[in-house]
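Chemist: Structure below; questions to follow.
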Amino acid sequence: MADMMVNLRVLREIAPVLAEQSANGIEIRRAQLSESDVIADWVRESINPNWRVVCEVAIEQTPSCCFIAVRKKSAGEPFVLAAENLIGFACYDVVTKGVFGPSAVREDEPDNGISTALLLACLHAMAADDYAHATIGWASTTDNYSGRT
């Protein structure tokens with residue numbers, strides 16, 4: 001596996017991707033510090049036990065360097081983040097500045113573009129912080145990312 005460089009100056013627009021997810025009842029947003037334990041525990045139990053600390057480190061940065069995909073609640077219902085509402089996550093700037101990852105979507109959830117939305121959310125955040133390029137660490141194949149950025 002090799003690293004993959006992404007030019008952040010020519011990213012795909014994120015608004016239509018987020019709108020599509022919203023229409024499907026999924027919200028893509030930055031993780032909040034108050035949600036750190038719920039998210040980190042969920043990652044440890046549902047995704048990869050080794051990534052718990054990675055999520056905590058990403059969430060504790062200011063601003064948070066972790067984006068989450070959450071199933072939205074019904075209108076008017078108070079929202080409290082619970083593990084069953086989490087669909088996926090993506091982090092950046094954890095091991096080294098300018099590096100994307102890790103990221104994952106629940107295996108029991110159809111992806112339906114969620115991983116792309118999380119990737120783009122991170123890359124757009126990096127671009128907003130004036131990064132010219134990002135590195136996708138240990139990209140299994142460039143085919144997994146081509147056309148998504």
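Chemist: Restricting to the stretch 1-33, name every residue that is small (Gly, Ala, Ser), modelled with pLDDT of 95 or more and under 20 Å from Asp93 (Cα atoms).
Modeler: Within the stretch 1-33, Ala31 is the sole residue that qualifies.
Chemist: Just name the residue that is surrounded by the fewest Cβ atoms within 10 Å (Cβ to Cβ) out of those in the stretch 23-45 that are touching a Leu at 6+ places or on another chain (Cβ under 8 Å) and assigned to a helix (DSSP H, G or I).
Modeler: Going through the qualifying residues, I end up with Val38.
Chemist: Which pairs do you get when a residue that is under 18 Å from Arg106 (Cβ atoms) and free of Cβ contacts under 8 Å to residues at least 12 places away in the same chain, found in the stretch 47-61, comes within reach of a residue that is surrounded by 20 or more Cβ atoms within 10 Å (Cβ to Cβ) and among the hydrophobic types (A, V, I, L, M, F, W, C), reach meaning Cβ atoms under 9 angstrom, with the pair 6+ apart or on two chains?
Modeler: The qualifying pairs are Pro49/Val43.
Chemist: Right, here's the next one. Among the residues of the stretch 71-86, are any crowded, with 17+ Cβ neighbours inside 10 Å, farther than 15 Å from Asp41 by Cα and either touching a Gly at 6+ places or on another chain (Cβ under 7 Å) or at pLDDT below 95 (or both)?
Modeler: Within the stretch 71-86, none of the residues are crowded, with 17+ Cβ neighbours inside 10 Å, farther than 15 Å from Asp41 by Cα and either touching a Gly at 6+ places or on another chain (Cβ under 7 Å) or at pLDDT below 95 (or both).
Chemist: Quickly run through the stretch 35-50 and pick out the residues that are among the small types (Gly, Ala, Ser), under 15 Å from Ala90 (Cβ atoms) and touching a Cys at 6+ places or on another chain (Cβ under 8 Å).
Modeler: Once the filter is applied, which keeps residues that are among the small types (Gly, Ala, Ser), under 15 Å from Ala90 (Cβ atoms) and touching a Cys at 6+ places or on another chain (Cβ under 8 Å), the stretch 35-50 yields only Ala40.
Chemist: Sticking with this structure for a sec: Residues to consider are Gly101, Gly137; find the one that is without any contact (Cβ under 8 Å) to a residue 40 or more places away in the chain, within 20 Å of Ser64 (Cβ to Cβ) and either buried (at least 21 other Cβ atoms within 10 Å of the Cβ) or in contact with a strand residue (DSSP E or B) (Cβ under 7 Å, 6 or more places away or on another chain) (or both). Don't jump to the end; show me each part of the working.
Modeler: Details: Gly137 fails: without any contact (Cβ under 8 Å) to a residue 40 or more places away in the chain.
Result of the check over Gly101, Gly137: Gly101.
Chemist: So, of the residues in the stretch 6-22 that are surrounded by 14 or more Cβ atoms within 10 Å (Cβ to Cβ) and not charged (D, E, K, R), which turns out to be nearest to Arg71 (Cα to Cα)?
Modeler: Out of the qualifying residues, it is Gln21.
Chemist: Quick check on the stretch 54-63. Is at least one of its residues touching a helix residue (DSSP H, G or I) at 6+ places or on another chain (Cβ under 7 Å) and over 19 Å from Asp129 (Cβ atoms)? Outline the logic, then answer.
Modeler: Kept after step one, since they are touching a helix residue (DSSP H, G or I) at 6+ places or on another chain (Cβ under 7 Å), are these residues of the stretch 54-63: 55-56, 59-60.
If we keep only those that are over 19 Å from Asp129 (Cβ atoms) as well, we get 55-56.
The answer is yes; a qualifying residue exists.
The values are calculated or read from the model by the stated rules, or taken from the named source; none is laboratory data. None of these values were measured; they are calculated from a predicted model. Positions of Cβ are backbone-derived with ideal geometry, glycine not excepted, and every protein chain shown enters the neighbour counts.
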